[in-house]
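S.K.: Can you read through this structure? Questions will come right after.
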Amino acid sequence: MKRNSFLGFLGFLVFLIFLPGITVFSQAVIIQKPADYFGFRPGTDRMLIDYEQLTEYLKKLDAASPRLKMVEIGKSPMGKPMYIAFISSEDNIRNLDRLKEINRELALNSQLRKTQRQKLIMEGKVFFTATLSMHSDEVGPSQAAPLIAYELVTTKDPKVKKWLDNVVYMMVPCHNPDGMDLIVNNYRKYKGTKYEGASLPGVYHKYVGHDNNRDFVILSQQDTRNIQRIFTKTWFPQVMVEKHQMWTSGPRYFVPPNTDPIAQNIDAGMWTWTGIFGQNLINDMTAKGLAGVSQHYAFDNYWPGSTETCIWQNVIAFLTECASARYATPVYIEPNELTVSGKGLSEYKKSINMPLPWKGGWWRLGDIVQYEITSTMSILKTASIYHDGILAFRNDLCRKNVKLGQTTAPYYYILPQKQHDMSELVNLVNLLDEQGISVYRMDKDYVFDGRVYHAGDLVVPLAQPFRAFIKEVMEKQEYPVRHYTPGGKIIKPYDITTWSLPLQRQISCFEIDKRHIDMEKQWQPVKMPFSLLEKPLQQGLIAVFPIADNESFKAAFLAQNDGLTVERLGKEATIDGKILAAGSFVISGKNVRGWDQLNREIKFQPLFIKDKSVLSLAPFHLPRIALIETYFSDMDAGWTRYIFDTYHINYKVLHPGDVPSADLNNYDVIVFPGSSKNLLLNGADESADNYYLASYPPGYNKGMGKDGLKKLMAWINNGGLVVSWGNSTSLFEGKLTINYKKGKKTETENFRLPFKDESKSLQEKGLYVPGSLIRVKLLQGSPVTRGLPASIGVFSRGHPVFSTSLPYFDMDRRVIGWYPEENILMSGYAEHPGLLADQPAIVWLKKGKGQLVLMGFNPQFRASTQASFKLLFNALLLPHLK
């Protein structure tokens, strides 16, 4: 470079250094402040950045700063790229691959020698993961992300730089990219109108909305799997926080420790570590004048399913919750409007759990952003201060869990290869692998406790680093009852109380309480992904899929959609010594694409035959299905859409307000997931005493109305089929009306279907079921129960609970499933479950030429109750009445 050019270049750099909004890093790299890049500072009133703006800014920082590296970790359900932004010192970013190896060794190697371990601890760094705004209406954490990233990559503060020497901050800038854009676009649409701050119509996710934080056991959603791999397969961080927001009119912030109950399989040290982070958080935030920080409040840590499920995989994990504004619109809160619940805080007053109450006034997105920045810095500081202890603790838990698995019962869970539903065995084994659990095969027959186990049976040893997770998800749940005062009211669970994978999938599983060391040496690890498909599915074959397998329904729907021939056994048949029940699926045809698709998706072995003419076969018809979904964050309908899409079941979504104008004759089946009668009928959540104003824009608050319900009942009367569960069943209870046109006259029929919900009276007698697995006996021989055993476990919240009555005229009823007299509770918690004894749980109803199947539970609850999926599939396929 010539001297004059060089001097000119230096002058240009001097100009840039003093230009507002520009930071010049080493080697003349320019870093732009968030306010200058976006045109406003994130957190500004009534302004939001979207996901693309957020990630593009972080990519700019990646290009400009050696302290930040963006790594893609997968795609969202709607196809958006998801990232981790690694932020640390320049040396740490350069050495990420080596630090990743150290994390894996400390997390998984229980045999490290003392000198090896100490060397790894000294060389390693604390990896602190933050997942931001998974609930997309909780906008603050992701809006704060660019400010946090900019501050960390440009800081010259020696204290903060020391933190970055000791810690690698792994920011997931948005846990739910799809939802972030849906929410931001909806906010922008109505900004400046009377509906500014209106709720998003529908769920802020492709399928599950708020329930994305209930998916970390079963990993059904793509974004969930992307995040969970961080903890079980790739980076193995030692610390994790998930950043949330909570209701507007309570404390301003929640930090750990949580309230009781806590998970009983978790090591005591985990709770003390979350307490250390929580105490430093409340200290640091309060010292900076951030009022309203609370702890030991509202949120328990008993159930797995949230992002904090990684606690069971030895990560020091916790959540924070900040009070919400109306997205980016400020809210003013009067002091009398500040309230608390009864868990940890009984009054909104200064207390040990909230030493500096917030006094009320304006609450802005900018306040939320400041709380998020301060809390993140506090966690970084704590992770740095306790660097050695945190890394040692990670390996301590690995060693301790393996040792417990070698010395403390149970030692193994055995999954016999012969199961009622072979496809769900395959799915369970692959899920365990996704969760970082090793599974083995028996090499020969063994006898444990008088029971014979066979070669090929599967073994899950508990001598593994993630022992706590294995035990938690494989055993029956027993709720740890805690009380507010001795002998007083119990502390009720925050969410559900059951998640046993074998029980909820109807998988036989045996707990072995005696160790057999010699046999352990002979077992071989299962090759993943696990499959029982031994012979490829291909053109020219005739494949018979047993109705006992959930995936047989997937094969049938997929094959029919792809042009293969699908038929059903009209009666029981024996093929190669195996008895196949009526309703099993027979697939044949020459469409190569169809067979290729089956090969990709089906992982268990059907039976093959050469000649189907010897079988009694009936044609298989795809029903025309409408799915009713409200606009009111209808997560149950979203889960139903996910199940339908996963099993290749075609459907069309109808909103309740569509019913009056829709041509219902275009559908054979209408599905009503669990939603309240008032939302379905009136488009509002109301009762005789209360009306809850909906926060939705115009046009989204419509129910079907009385005329729509009359039209629906006329459609049923003429041969339609309704499948309904949970709260939606109340739509069909009580007085109903059908109007008939006869010439110019309209005749009216008033009637009542022969069933009733008895749950309110049972609750008054003491029934309480806070989300548990309840045993239901099934009527054998009914087309609704095809492929199912005599009893199964269903997920229930204790309502509705049916009774039936004698029918009149053109109506009829049958009880398809009922609660037994004994052993009602299979897993979880219930008070006075005996009140359910002999009460109907599934009712089939006839009205005119039409049918209804009503279930007092969610058959597809959060895609986690595979044992009851066939009830839904069979109901969809009910034949028309003759």
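The values are calculated or read from the model by the stated rules, or taken from the named source; none is laboratory data. What you are looking at is a predicted structure, and each value in this text was computed from that prediction instead of being measured. Remember, those area values only see protein heavy atoms, side chains included, never the ligands or the DNA or RNA. Shrake-Rupley method; radii C 1.70, N 1.55, O 1.52, S 1.80 Å.
S.K.: Given the alpha-carbon gyration tensor of the range 258-308, what are the semi-axes of its equivalent ellipsoid in whole angstrom, ordered largest first, with each equal to the square root of 5 times an eigenvalue?
M.R.: So the equivalent ellipsoid measures 23, 12, 9 Å along its semi-axes.
S.K.: Over the Cα atoms of the range 630-682, what radius of gyration and what Dmax do you get, in Å?
M.R.: 11.6, 32
S.K.: In what order, largest first, do His387, His655, His454 sit by accessible area if the probe radius is 1.4 Å?
M.R.: The ranking, largest first, comes out as His454, His655, His387.
S.K.: Next up: So what's the angle, to the nearest 10 degrees on a 0 to 90 scale, between helix 268-287 and the longest Cα principal axis of the chain?
M.R.: Roughly 60 degrees, rounded to the nearest 10.
S.K.: At a threshold of 8 angstrom on Cα-Cα distance, excluding pairs fewer than six apart, so keeping six or more, what relative contact order does the range 254-298 reach in percent?
M.R.: Relative contact order comes out at 63 percent.
S.K.: Stick to the Cα atoms of the range 459-535, pair each with every other, and give me the Kirkwood hydrodynamic radius in Å at one decimal.
M.R.: 16.1
S.K.: If you don't mind, there's one more thing I want to ask. How much space per residue, in cubic angstrom, does the convex hull of the C-alpha atoms of the chain take up?
M.R.: Value for the chain: 211 Å³ per residue.
S.K.: Over the Cα atoms of the range 570-637, what radius of gyration and what Dmax do you get, in Å?
M.R.: In order Rg, Dmax, the Cα atoms of the range 570-637 give 17.4, 52 Å.
S.K.: Need one value: the accessible area of Asp663 in square angstrom, 1.4 angstrom probe, rounded to the nearest 10.
M.R.: Number for this one is 80 Å².
S.K.: Give me the 1.4 Å probe accessible area per residue for the range 726-868, excluding ligands and nucleic acids, in Å².
M.R.: Dividing the accessible area of the range 726-868 by its residue count gives 42 Å².
S.K.: From Cα coordinates alone, what are the radius of gyration and Dmax values for the range 743-811 in angstrom?
M.R.: So, for the range 743-811, Rg and Dmax equal 17.6, 53 Å respectively.
S.K.: Further question on the same structure: Roughly what angle does helix 177-190 make with the longest principal axis of the chain, taking Cα atoms, 0 to 90 degrees, to the nearest 10?
M.R.: Approximately 90 degrees, to the nearest ten.
S.K.: Now, a different point. Which of rounded, prolate, oblate describes the range 315-470, given a ≥ b ≥ c as roots of the alpha-carbon gyration tensor eigenvalues and a/c under 1.5 marking rounded, otherwise prolate only if a/b is larger than b/c?
M.R.: prolate
S.K.: Here's another thing I want to ask about it. Please tell me the relative contact order of the range 387-462 in percent, rounded to the nearest whole number, where contacts are Cα pairs under 8 Å and at least six residues apart.
M.R.: Worked out over the range 387-462, it gives 36 percent.
S.K.: Per the 1.4 Å probe, what fraction of the accessible area of the chain, in percent, lies on carbon and sulfur atoms?
M.R.: 50
S.K.: Also, I was wondering about something else. Cα axis of helix 3-17 to longest principal axis of the chain: angle in degrees, 0 to 90, nearest 10?
M.R.: Computed tilt is about 60 degrees.
S.K.: Ok, one more. Provide, in order from the shortest bin, the percent of all Cα-Cα pairs of the range 93-145 in each 10 Å bin, continuing until the bin that contains the maximum pair distance.
M.R.: Histogram of Cα-Cα distances, whole percents per bin: 21, 35, 21, 19, 5.
S.K.: From the phi angles alone, apply the Karplus equation (6.51, -1.76, 1.60; θ = phi - 60°) to the range 441-454 and give each ³J(HN,Hα) in whole Hz, x where the residue is Gly or Pro.
M.R.: For the range 441-454, the Karplus curve yields 10, 6, 8, 7, 6, 9, 10, 10, 6, x, 10, 8, 10, 10 Hz.
S.K.: Could you tell me the accessible area of Glu758 in Å² (1.4 Å probe, neighbours in place), rounded to the nearest ten?
M.R.: Spelled out: Glu758, probe radius 1.4 Å, area about 50 Å².
S.K.: Can you pick out the pairs among Lys652/Lys765; Lys206/Lys870; Lys756/Lys870; Lys189/Lys760 whose Cα atoms lie more than 30 Å from each other?
M.R.: Going by Cα-Cα distance, Lys652/Lys765; Lys189/Lys760 fall outside the 30 Å limit.
S.K.: For the range 401-481, report the translational diffusion coefficient in µm²/s to the nearest whole number, using Stokes-Einstein at 25 °C, 0.890 mPa s, and a Kirkwood Rh over Cα pairs.
M.R.: Calculated translational D: 180 µm²/s.
S.K.: So what are the ³J(HN,Hα) numbers for the range 632-648, from phi and the Karplus equation (6.51, -1.76, 1.60; θ = phi - 60°), rounded to whole Hz, Gly and Pro as x?
M.R.: Karplus values, whole Hz, x for Gly and Pro: 8, 6, 7, 5, 5, 5, x, 4, 5, 4, 4, 4, 4, 5, 5, 9, 6.
S.K.: Also, quick follow-up: Once you have a ≥ b ≥ c as the square roots of the Cα gyration tensor eigenvalues for the range 160-283, tell me rounded if a/c is under 1.5, and otherwise prolate or oblate according to whether a/b is larger than b/c.
M.R.: prolate
S.K.: Could you check what % of the DSSP bridge pairs in the chain are antiparallel, to the nearest 5?
M.R.: Rounded to the nearest five, the antiparallel share is 70 percent.
S.K.: Checking the a/c ratio against 1.5 first, then a/b against b/c, what shape does the Cα gyration tensor give for the range 57-98?
M.R.: Oblate, because a/c is 1.5 or more while a/b does not exceed b/c.
S.K.: Averaged per residue, what accessible surface does the range 191-309 expose to a 1.4 Å probe, in Å²?
M.R.: 25
S.K.: In the calculated pair distance distribution of the range 374-420, what percentage of Cα-Cα distances lie above 13 Å?
M.R.: That fraction is 71 percent.
S.K.: For the chain, what does -39500 (n - 2.57) per DSSP helix run (n ≥ 4), summed and divided by total residues, give at 222 nm, in deg cm²/dmol to the nearest 500?
M.R.: Value at 222 nm, helices only, nearest 500: -9000 deg cm²/dmol.
S.K.: Still on this structure: Would you mind working out the accessible area per residue for the range 573-674, using a 1.4 Å probe, and quoting it in Å²?
M.R.: Per-residue accessible area for the range 573-674 comes out at 42 Å².
S.K.: For Cα pairs less than 8 Å apart in space and 6+ apart in sequence, what is the mean separation divided by the residue count of the range 739-882, i.e. the relative contact order in percent?
M.R.: 26
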